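What follows draws every value from the coordinates through simple rules; no lab data is involved. These figures come from a predicted structure and were not determined experimentally. Cβ coordinates were reconstructed from backbone atoms using ideal geometry, including for glycine residues, and neighbour counts include every protein chain displayed.
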Amino acid sequence: MDKAKLRETLLGGVRSNPTFVLVLGTCPTIAMTGSLFSAFAMGIATTFVLIFSNLFVSLLRGLIPDKVRIPCYIVIISTFVIIVQMVMKKYLPDLYSTMQAFIALIVVNCIILARAESFASCNKPLYSVLDGVSMGLGFTAALCVIGIVREFFAGGAFAGMSIPGFPVMEGVGASAFGFIVFGCMMALFNFLIAKAEARKARMKNATLPLAGHEPQAAEVSK
């Protein structure tokens, strides 16, 4: 097992966050982040579909003809979306009634189709599953962060629990405010990632002179 590739795959949901970096799945990002609960539910449903569609695309990649690979991916994704719909309709009917249209749209979610095409179709099942987990959790985390901010400003609440004394702001529950929060969170996320990468590069460069002196020290000792 390639440890470097394994680590890169596991960190893919952070470094290449599907929401804040790749800017995929914008429709559910805006539509389902009015509250933390709905954001979390959409993220988990998408993660489930992403993991298993990645797995089966990887397992069947040698059998799927290249010319019909996209329709085949859609069929695989649709299968797991139907499973999610059936489970939610059975055990979470109230939640399903509010998310019904957007659960169905997971079939054409750009994140899932993009990972199937760019990663699962080119990698082994283990890496594909880990990519699904990483990207799915990255998507879920992004939705939850946006959901927390929107719910707080729209109704002075956190996870459905009201915060006493917080004034309700008119208009912040609308989609327009969702786009504003989305943009601000995206800018903040990319700023933090850039700072972390710059710090990592500085630390790496700081060790280079020391490494460069080692051969000279060895020659002097001879």
I need the fraction of alpha carbon pairs in the chain separated by more than 30 Å, rounded to a whole percent. 37 percent
The chain: most fluctuating residue of LEU188, LEU24, LEU130 per GNM, C-alpha cutoff 10 Å: LEU188
Extending each Cα 7 Å along its Cβ direction at ARG15 and LEU92, get the distance between those two points in nm, one decimal. 3.1 nm
With +1 assigned to the C-beta of every Lys and Arg and -1 to the C-beta of every Asp and Glu, and no other charges, what is the dipole magnitude of the chain about the Cα centre in debye, to the nearest 20? 500 debye
Given a Förster distance of 35 Å, report the FRET efficiency between ALA198 and SER175 from their Cβ-Cβ distance, rounded to the nearest 0.05. 0.55
Gain in span if fully extended, LEU6 to ASN205, counting 0.36 nm per residue against the direct Cα distance: 69.2 nm
If the elastic network links every pair of Cα atoms under 10 Å, which of THR79, THR140, THR47 fluctuates the most in the Gaussian network model of the chain? THR79
Helix-derived mean residue ellipticity, 222 nm - over the chain, DSSP H n ≥ 4, -39500 (n - 2.57), to 500: -25000 deg cm²/dmol
For ALA157, enumerate residues with amide H under 5 Å from its amide H, sequence gap 5+ or separate chain, H modeled in the peptide plane. PHE152, ILE163
Could you check which residue among PRO125, PRO71, PRO28 shows the biggest mean-square fluctuation in a GNM of the chain with a 10 Å Cα cutoff? PRO71
A chain fully extended from GLU117 to GLN100 at 0.36 nm per residue, minus the present Cα-Cα distance, gains in nm 3.5 nm
TM-like helix rule applied to the chain (DSSP H, alpha carbon span at least 15 Å on the long axis, mean Kyte-Doolittle at least -0.5) gives 36-59, 69-91, 93-104, 125-155, 175-221
